[in-house]
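Below: one structure, written as structure tokens.
The values are calculated or read from the model by the stated rules, or taken from the named source; none is laboratory data. It should be emphasised that the depicted structure is a prediction, and the values quoted were computed from it without experimental measurement. Every residue, glycine among them, receives a Cβ derived from its backbone with ideal geometry; neighbour counts consider all protein chains shown.
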Amino acid sequence: MLNSFIFVVMPYAALALLIFVTPYRFYSNRLTWSAYSTQFLERNVLFWGINPWHYGILPVLAAHFLGVIAPGPMKALLGNQNNLIIFESIGLALGLFAVFGCLALLLRRVNTPLLKQVTYASDWVLLYLLAAQSLTGVYVATFMRWGSQWYLHSVVPYFWSLATFNPQIEYMADFPLVFKLHAACAFLIVALLPFTKLVHMLYVPARFLMDPPILYRWRSK
Amino acid sequence: MNVRAQLVMVFNLDKCIGCHACSISCKNIWTDRKGAEYMWWNNVETKPGVGYPKKWENQDKFKGGWVRENGKLKLRALGKGPTLLNMFFQPDMPKLDDYYEPFDFDYSNLYKAPPGSDQPVAEAFSQVSGERMEEITNGPNWDDDLSGSQVYAVNDVNLKDSSLVSDYGRMFMHYLPRICNHCLNPACVASCPSRALYKRGEDGVVLVDQDVCKGWRFCTSACPYKKVYFNWQSGKAEKCIFCFPRTESGQCNACAHSCVGRIRHVGVLLYDADRVEEALLKPDDQLVAAHRDVILDPRDPQVRESARKNGVTDQWLEAAEKSPVYALVKEFAVALPLHPEFRTMPMAYYIPSLSPVISSGGDLHELADHGTFPLLEKMRAPISFLASLLSGGNEEIVAAILRKQIALRLFKRAGNLGQPIEESILKNAGLDEAGANKLYRLFTIAPYRERFIIPTQQREEQDPQQRKGTSGFGILKKTRGPK
């Protein structure tokens with residue numbers, strides 16, 4: 001029952017929300033589409049929170065995606081034991097980096113009076129969720145060794161089974177609870193993305209990189 | 001030739017009395033909102049002083065504007081790649097303390113306070129946190145009129161000899177009203193990773209598209225004048241919009257309209273967009289000349305032809321011909337750009353201040369020797385100071401303008417007193433009688449319709465349905481936070 005909820009209901013619900021709510025928010029009201037930076041009000045602790053968080057979590061997230069997109073090359077790469085050890089060590093270090101950043105951000109919200117005015121329920125929910133996600137991630141990486149290897153043989157096929165609308169929860173059913181929590185948190189974060197400031201992730205700097213520096217807008221052109 | 005039109009404001013610093021009427025009218029219309037309390041799209045500073053935000057002119061601190069590198073212009077702060085890598089924490093962003101923590105007073109305490117032995121007072125509270133403030137330590141005009149000059153004015157980067165502000169015999173000051181310069185080469189626009197900032201083709205106004213802005217904050221430091229602000233409530237950047245809902249219908253900007261000293265002029269300039277970059281690659285002391293060179297004569301048939309090709313209408317060409325701004329910036333060459341060495345090619349121009357008309361010797365007899373007005377070299381405000389502020393350090397350009405102002409005063413004084421006018425006075429300053437009379441009119445008695453020549457945009461004929469209800473700052477949809 002729990003397995004079906006976490007591994008069938010949650011991913012499809014999250015995906016549906018992401019696909020339908022995001023464009024709705026984009027086209028109906030973009031005034032709330034912002035990263036909601038608080039650097040203006042507090043910058044000293046922010047530096048030690050926001051940088052470790054982003055630089056830690058982005059490569060780890062990218063590695064998760066890479067496994068799903070290109071399982072073949074990843075299997076080949078991690079088949080070599082040396083590569084696996086290096087990959088795992090870097091992953092764990094980045095994970096710890098992200099945990100450190102996330103906790104710093106959480107404590108910063110608690111301890112800075114000036115931030116109270118710009119801290120909403122969604123900020124707390126996200127910070128706790130992301131902290132839980134990164135902590136369970138680090139736990140899995142530490143106590144369920146060689147995760148980057150077995151991820152490719154269990155989670156990746158499961159994701160592909162989701163994509164083909166033939167969810168095979170057998171891949172996931174026997175994992176320990178912490179791991180299931182990690183998965184549930186991930187789906188929850190995806191589900192919340194279109195409703196919160198997490199939409200700032202959906203940003204491609206293509207125009208910035210290609211355009212000439214000065215941008216004009218003409219009514220007639 | 002790629003001729004475009006730009007709405008430009010000229011400030012006559014000689015006439016600014018520092019009353020802040022402009023700042024107040026701007027604040028009442030545009031920034032009287034949550035998250036914008038600390039913003040002053042228009043502010044008036046005392047010079048010498050550190051300004052608002054504090055030390056905005058110090059580009060070692062905020063890394064604003066452009067620099068030349070290998071024959072090209074480059075943002076002083078970060079290239080495109082480093083910008084993307086620094087999105088999470090923007091290293092150069094000014095913080096709240098660089099401006100000030102906005103405050104208000106709890107007036108309700110005056111009638112709600114319980115009976116007691118003391119007179120109740122309206123206590124100050126922060127408009128950000130809402131908490132009571134024990135002591136107000138900063139404000140938008142904290143160094144107004146040289147107050148605290150030993151702490152603030154001595155740090156003015158334009159001041160070569162900072163002992164000037166501690167010597168009562170040699171002290172000087174003037175005011176510097178500032179709005180967004182709506183630059184021809186805006187660094188804020190170039191720095192925006194979301195591409196939310198843009199320059200309007202028709203009138204050159206630089207705007208932030210509130211829908212596109214995602215609050216990456218690079219514009220706030222890239223603008224060397226610190227005229228792009230971060231709204232901490234909405235999480236987006238905001239800036240002076242040159243009152244476009246007013247100028248589009250031919251009314252002048254709120255700041256200019258409320259100016260009791262009538263120091264402001266607004267009009268159209270035509271410029272050659274293809275030559276802007278080349279002009280900005282000149283050395284600092286040649287930048288004013290380069291500015292003037294880019295500005296084109298609206299009576300030149302070739303210029304008019306090229307302007308029409310770019311969609312500049314006859315109404316705008318007519319306004320460009322009559323433009324008081326063209327007269328002041330190019331024809332008489334008495335108005336200068338603020339800190340041209342930041343290389344954004346600012347489109348707000350300043351007529352340097354001649355006052356106070358007291359020689360640095362402080363001796364009235366010495367004054368009389370030179371016909372009521374002091375010699376240029378004896379002026380209280382050092383020419384080097386004005387040159388650092390307005391001409392990229394070129395003292396000759398500032399001196400030429402002050403000479404014109406002195407000649408104009410001598411000429412009108414002689415006229416008023418029925419004394420003979422020495423022709424050489426005007427001639428030496430590069431003026432003739434007709435020119436002097438025109439300049440005198442612009443400086444003094446020109447009425448509203450001569451100070452502000454703003455052609456309309458005829459938006460009512462273009463897209464009235466789409467525009468309905470969108471004029472102004474346009475926060476009609478739901479934003480985060482309280483209503």
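Could you go through region B:101-117 and let me know if any residue there is in a loop (DSSP other than H, G, I, E, B) and within 14 Å of chain A (Cβ to nearest Cβ). Give the derivation first.
Taking region B:101-117 first, the residues in a loop (DSSP other than H, G, I, E, B) are B:101-102, B:107-108, B:113-117.
With the extra rule that they be within 14 Å of chain A (Cβ to nearest Cβ), the set shrinks to B:101-102.
Yes.
Residues in region A:175-206 that are crowded, with 17+ Cβ neighbours inside 10 Å and assigned to a loop (DSSP other than H, G, I, E, B) were compared, and the one that is farthest from the other protein chains (Cβ to nearest Cβ) is A:Phe175. The residues in region A:98-131 that are within 12 Å of chain B (Cβ to nearest Cβ), in a helix (DSSP H, G or I) and out of contact with any Phe, Trp or Tyr (no Cβ under 7 Å at 6 or more places or on another chain) can be counted, and the count is 8.
So that you can scan it fast, the table gives a plain yes or no per residue for (1) without any contact (Cβ under 8 Å) to a residue 60 or more places away in the chain; (2) of a type in the set (A, V, I, L, M, F, W, C); (3) farther than 30 Å from A:Arg219 by Cα; (4) out of contact with any His (no Cβ under 7 Å at 6 or more places or on another chain):
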{"position": "B:Asn394", "(1), (2), (3), (4)": "no, no, yes, yes"}
{"position": "B:Leu408", "(1), (2), (3), (4)": "yes, yes, yes, yes"}
{"position": "B:Gln419", "(1), (2), (3), (4)": "yes, no, yes, yes"}
{"position": "B:Gly435", "(1), (2), (3), (4)": "no, no, yes, yes"}
{"position": "B:Tyr440", "(1), (2), (3), (4)": "yes, no, yes, yes"}
{"position": "B:Thr444", "(1), (2), (3), (4)": "yes, no, yes, yes"}
{"position": "B:Arg451", "(1), (2), (3), (4)": "no, no, no, no"}
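Filtering region B:168-207 to residues that are facing another protein chain (nearest Cβ under 10 Å), in contact (Cβ under 8 Å) with a residue 24 or more places away in the chain and more than 21 Å from the chain's Cα centre (by Cα) leaves B:Cys192, B:Pro193, B:Ala196. Restricting attention to region A:7-41, the residues being closer than 18 Å to A:Leu193 by Cβ and more than 10 Å from chain B (Cβ to nearest Cβ) number 18. With respect to the conditions (1) in contact (Cβ under 8 Å) with a residue 60 or more places away in the chain; (2) within 14 Å of chain A (Cβ to nearest Cβ), B:Asp211 lacks only one, and its number is (1).
Among the residues making up region A:153-171, those that are surrounded by fewer than 19 Cβ atoms within 10 Å (Cβ to Cβ) and of a type in the set (A, V, I, L, M) are A:Leu162, A:Ala163, A:Ile169. In region B:245-264, the condition of being crowded, with 20+ Cβ neighbours inside 10 Å, within 14 Å of chain A (Cβ to nearest Cβ) and in contact (Cβ under 8 Å) with a residue 40 or more places away in the chain is met by at least one residue. Take the conditions (1) in contact with a helix residue (DSSP H, G or I) (Cβ under 7 Å, 6 or more places away or on another chain); (2) surrounded by 15 or more Cβ atoms within 10 Å (Cβ to Cβ); (3) modelled with pLDDT under 95; (4) not small (Gly, Ala, Ser); A:Asn83 misses just one of them, which is (2).
Out of A:Leu96, A:Leu66, A:Leu77, A:Leu61, one residue alone is more than 13 Å from the chain's Cα centre (by Cα), free of Cβ contacts under 8 Å to residues at least 24 places away in the same chain and closer than 21 Å to A:Ala184 by Cα. It is A:Leu66. If a residue has to be closer than 22 Å to B:Gly392 by Cβ and assigned to a helix (DSSP H, G or I) to count, how many in region B:266-306 make the cut? Of the residues in region B:266-306, 18 are closer than 22 Å to B:Gly392 by Cβ and assigned to a helix (DSSP H, G or I).
Do we have any residue at all in region B:62-85 that's basic (Lys, Arg) and assigned to a helix (DSSP H, G or I)? Scanning region B:62-85, I find at least one residue that is basic (Lys, Arg) and assigned to a helix (DSSP H, G or I), so the answer is yes.
Yes/no matrix, rows are residues, columns are (1) modelled with pLDDT of 95 or more; (2) over 30 Å from B:Phe218 (Cβ atoms); (3) not β-branched (Val, Ile, Thr):
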site	(1), (2), (3)
A:Thr119	no, no, no
A:Trp124	yes, no, yes
A:Leu135	yes, yes, yes
A:Gly147	no, yes, yes
A:Ala191	yes, yes, yes
A:Ala206	no, no, yes
A:Leu215	no, no, yes
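Given the options B:Val154, B:Val165, B:Val128, name the one that is surrounded by 19 or more Cβ atoms within 10 Å (Cβ to Cβ), part of a helix (DSSP H, G or I) and aliphatic (A, V, I, L, M). Even if it seems obvious, please write down each step before you answer.
On the way: B:Val154 fails: surrounded by 19 or more Cβ atoms within 10 Å (Cβ to Cβ); B:Val128 fails: part of a helix (DSSP H, G or I).
Being surrounded by 19 or more Cβ atoms within 10 Å (Cβ to Cβ), part of a helix (DSSP H, G or I) and aliphatic (A, V, I, L, M) holds for just one of B:Val154, B:Val165, B:Val128, which is B:Val165.
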